[in-house]
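What follows is calculated from the coordinates using simple rules that are stated; it is not laboratory data. The shown structure was predicted, so the numbers you read here are calculated from the model rather than taken from an experiment. Cβ atoms come from the backbone with ideal geometry, glycine included; neighbour counts cover every protein chain shown.
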Amino acid sequence: MSGTWHFILAPGFFANHEVVNALWVSTAIAIVSGLVGVFVIVRGQSFAGHALTDLGATGASGAVMLGANVWYGFLSFGLLAGAGMEGLGSRIRNRDVATGLVLSFAMGLGALFLYIDTQQANATVSMLVLFGSVFVFNPALTPLVIAVGMAALVLLAILYRPLLLSSVSPTLAEARGVPVRWVSMLFMFVMAAAVEDGALVLGALLSTALLIGPAATAVRLTARPGRALVWSAAVAVIATWAGIVCSYDSYYWPPYGRGWPVSFFIAVFVLLFYLAARFVPERSRAVERPSLQQEVKVP
Amino acid sequence: MDVIGQPVLQLHQISVRYGDRRILEDIDVDVFPGEFIGLIGPNGAGKTTLLRVILGMLAPSTGQVTLAGKPTRHGSQQIGYVPQKIHLEPDTPLRGRDLVGLGIDGHRWGMPLPNRSRRQKIDEALCAVNATRFADAPVGRLSGGEQQRLLIAQALLSDPKVMLLDEPLSNLDIRSAYEVVHLVSEVAKSRGIAVMMVAHDMNPLLPVMDKVVYIANGKAVTGRVEDVIRSEVLSTLYGYEVEVLRVRNRIIVVGGEGGEYGLLEPSDRSRCAGEEVAAP
């Protein structure tokens with residue numbers, strides 16, 4: 001019995017302070033990403049989510065250069081980028097070239113910051129920004145990171161109905177008196193908080209995996225908005241836990257004594273969940289729909 | 001239909017100008033309870049602008065809109081609005097009944113709390129538009145006509161006095177278009193709701209339309225179809241010669257489309273007019 005248990009969970013898992021802290025933070029982050037992700041899918045904004053973390057990475061590497069924690073850089077640049085993208089709104093929405101240029105310039109700046117970081121400090125910093133690692137996360141920041149995530153969820157709950165309505169039809173929402181631009185601006189902040197928190201666990205490159213993956217899985221499983229939120233949060237949490245456990249265990253895998261990155265495992269589990277959901281027959285979604293009776297004569 | 005009592009919606013001398021450009025000029029329309037009004041005109045004539053004025057989303061340069069005697073207010077529950085179309089991915093987790101439920105409280109902050117009276121209202125609206133069959137299907141997988149029914153149900157839920165529909169037929173095949181028109185007319189008449197339906201092609205509206213508001217050149221003529229849709233009336237409105245043809249119970253306005261055709265050379269004009277006749 002204890003042999004099997006040890007096979008799943010390498011010894012010392014819960015005794016390790018970093019691991020327990022990592023579990024707490026990443027569970028909170030997974031829930032936030034999972035819930036916010038459903039709305040990202042409803043609104044078709046996954047590209048914006050990507051752009052937010054790309055720009056966040058520049059902020060994070062800049063923060064390291066200034067000797068601050070990466071999280072401050074992620075969050076400040078994420079919120080700024082969100083405000084910028086939404087503020088410019090339709091002026092950049094269909095401008096592929098402009099968006100591409102701005103993004104690549106920001107990434108270029110990030111490359112410079114990372115280069116300076118690795119010269120000044122150590123080479124692991126760039127790994128930390130791009131691929132994350134929740135094990136080396138400063139526990140003093142835990143309450144702040146969780147508070148930002150919770151604030152995002154409270155805001156999301158307040159926006160819930162107007163956000164759905166303006167996702168379905170901005171014109172209809174506007175006609176009903178919803179301040180559509182404010183709603184999408186505030187949602188941009190919610191999304192920024194979610195992906196930049198997620199970047200701590202998964203790094204800038206993979207943070208959107210936790211935002212989009214669980215939500216994409218959930219919408220394959222149910223057509224109800226409430227259930228999709230529950231499914232998405234559950235998938236995000238389970239993938240994260242499984243990722244942390246595997247990463248901890250991998251210390252005993254070849255090459256011995258190094259451990260594989262958490263972000264790799266989480267990305268794998270998210271993908272597995274999504275693929276599994278694709279094979280679920282569309283039971284809850286399939287609807288019997290006899291053709292409409294033709295009671296109207298076309299002259 | 002017989003018109004009783006006071007107009008429920010009144011457009012008085014509405015003008016909209018952007019700088020020197022006149023979009024709408026001196027539009028006067030009286031809408032009575034239960035009336036079905038078609039708002040017809042070529043693209044870019046200002047039909048949607050007029051709807052935005054009625055909805056309070058755009059302040060007119062001059063004039064006033066009154067609803068039951070009082071000036072209209074942006075976001076008023078007494079005006080039901082049906083948008084042109086919705087874009088949702090097939091996997092969007094939103095069922096027909098969720099969309100219809102947004103008609104009750106979609107503009108309110110916070111999450112909806114399920115309760116029996118809310119559910120009953122939604123069921124009743126779904127039934128009224130004959131959408132019960134696909135009420136639990138994901139909205140993104142429904143056809144354009146089915147989505148239109150849900151949008152109409154959504155508009156009914158605030159118990160409006162007037163329902164505005166912005167080109168609800170533009171993405172539908174002819175049969176669905178006739179169905180939607182028939183449905184709107186039935187539901188609205190049974191509830192005494194006045195309907196204003198924007199349409200590019202007036203033919204599907206002919207069986208139910210009480211009054212037509214024909215907009216072109218920023219101006220409008222209002223009245224019964226047989227009084228308004230006539231060559232001399234529309235020619236005056238457009239400012240150049242157009243011809244109204246009645247073919248097999250359909251009406252075709254030749255040369256009236258898109259205004260600019262009238263400025264083309266005669267040979268070009270006949271080519272454009274020929275294309276137009278092919279339209280339903």
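What to note about this one:
- Residues of segment A:212-251 with amide N under 17 Å of the 7 Å Cα→Cβ point at B:Arg118: A:224-230
- Options B:Val225, B:Ala135, B:Val208, ranked by Cα towards positive dipole end of chain B, top entry (Cβ charges): B:Ala135
- Legend: calculated FRET efficiency, B:Ile174 to A:Met107, from the Cβ-Cβ distance at R0 = 51 Å, rounded to 0.05, equals 0.50.
- Cβ charges +1 (Lys, Arg) and -1 (Asp, Glu), total dipole of chain B, debye: 1000 debye
- Helix-only [θ]222 nm of chain A, DSSP H runs n ≥ 4, -39500 (n - 2.57) each, per residue, nearest 500: -26000 deg cm²/dmol
- Kirkwood-type radius of segment A:196-280, with distances r between different C-alpha atoms, in Å: 13.2 Å
- With all pairs of different C-alpha atoms in the average, the Kirkwood value for the hydrodynamic radius of segment A:120-246 is 16.4 Å.
- In this label model, B:Gln13 and A:Leu9 are separated by 8.0 nm, measuring between points 7 Å along each Cα→Cβ vector.
- Protection proxy ranking for B:92-98, B:15-21, B:199-205, using the average of other Cβ atoms within 10 Å per residue and placing the highest first: B:92-98, B:199-205, B:15-21.
- Exposed loop sites here mean trypsin sites (Lys or Arg not before Pro) with a DSSP loop assignment and at most 14 other beta-carbon atoms within 10 Å; chain A contains its longest site-free run at A:96-257.
- Among A:Trp260, A:Trp182, the order by Cβ neighbours within 10 angstrom, fewest to most, reads A:Trp182, A:Trp260.
- Of all lysines in the structure, those lying under 20 Å Cα to Cα from B:Lys70, and not within fewer than 8 positions of it along the same chain, are B:Lys161.
- A Cβ-based charge dipole, computed about the Cα centre of the protein assembly as shown with Lys and Arg at +1 and Asp and Glu at -1, lands at about 1100 debye.
- Residues A:Glu18, B:Glu179, B:Glu232, A:Glu86 arranged by fewest to most Cβ contacts within 10 Å: B:Glu232, A:Glu18, A:Glu86, B:Glu179
- Put simply, the amide H of B:Gly80, placed in the peptide plane, has neighbours under 5 Å in B:Lys161, B:Val162, B:Met163, B:Leu164, leaving out anything fewer than 5 places away on its chain.
- Difference of contour (0.36 nm per residue) and Cα-Cα distance, B:Lys189 to B:Glu89: 32.6 nm
- When the helices of chain B are scored as -39500 (n - 2.57) per DSSP H run of n ≥ 4 and the total is divided over every residue, the value at 222 nm lands at -9500 deg cm²/dmol.
- When B:His87, B:His182 are arranged by Cβ crowding within 10 Å, least crowded first, meaning fewest neighbours, the order is B:His87, B:His182.
- Listed residue (B:Pro83, B:Ile37, B:Tyr18) projecting farthest to the positive dipole end of chain B, Cβ model: B:Pro83
- For the residues of B:135-148, the average number of beta carbons from a partner chain within 10 Å of their own beta carbon is 3.
- Rounded to the nearest 20 debye, the dipole size of chain A about its Cα centre is 940 debye, using +1 on the Cβ of Lys and Arg and -1 on the Cβ of Asp and Glu.
- Taking a sphere under 14 Å around the Cβ of B:Ser117 and counting the other residues whose Cβ falls inside, with K and R at +1 and D and E at -1, yields a net charge of 0.
- In the protein assembly as shown, a dipole from Cβ-located charges (positive for Lys and Arg, negative for Asp and Glu) runs towards its positive end, and of A:Leu101, A:Gly67, A:Ala157 it is A:Ala157 whose Cα lies farthest in that direction.
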